[in-house]
Amino acid sequence: MRMIAVASFAAILAAPLAAQAAAAQAPCLRPDMVKGWNVLDDNTLIVTDRMNQKFRLSLTGACHDLQFQTALAFKAFGGGNLSCLARNDSVLAPPPIGNAPAQRCLIMEIREYTAAMEN
């Protein structure tokens, strides 16, 4: 009985540590850390953060002519600028002129951009 309790307690303690280790390895793109971006097409952005890490964002939604945008906004659904961007967060593209609403693209996937992806 005592062995089972010790094993269960160890498993309870190990679970949060494993989750933290996985989170530490997952790439995190925060809205306040975006330094720049390149548009591959209206569904794909390569975003660089202030640490010069690159991320590939796959988008869906009503974004058109992103290559002509001079400004983009990145919005995390669950919080402020300290949250990591994730699936279903937004990329907003303001209209070039007028009071039209910004185009809103949903992020479908964020992956770390590697040198192998450039080819």
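The values are calculated or read from the model by the stated rules, or taken from the named source; none is laboratory data. It should be emphasised that the depicted structure is a prediction, and the values quoted were computed from it without experimental measurement. Ideal geometry is used to build each Cβ from the backbone, glycine not excepted, and the neighbour counts take in all protein chains shown. Side chains included, ligands, DNA and RNA excluded: accessible areas come from the protein's heavy atoms. Shrake-Rupley method; radii C 1.70, N 1.55, O 1.52, S 1.80 Å.
Note on surface exposure: D49, D65 rank D65, D49 by accessible area, highest first, 1.4 Å probe. Accessible surface for segment 56-110, divided over its residues, is 61 Å² per residue with a 1.4 Å probe. Other residues with beta-carbon under 11 Å from the beta-carbon of L92 carry, at +1 per Lys or Arg and -1 per Asp or Glu, a net charge of +1. Which listed residue (L72, I97, T44) has the Cα farthest towards the positive end of the charge dipole for segment 28-119, taking +1 on Lys and Arg C-beta and -1 on Asp and Glu C-beta about the Cα centre? Value: L72.
For A116, neighbours were defined as the other residues whose beta-carbon sits under 15 Å from its Cβ, and their charges (Lys and Arg +1, Asp and Glu -1) total +1.
Could you order C105, C28 by accessible surface area, starting with the largest, using a probe radius of 1.4 Å?
C28, C105
Potential lengthening of the chain between A100 and I46 amounts to 16.8 nm, from the contour at 0.36 nm per residue minus the alpha-carbon distance.
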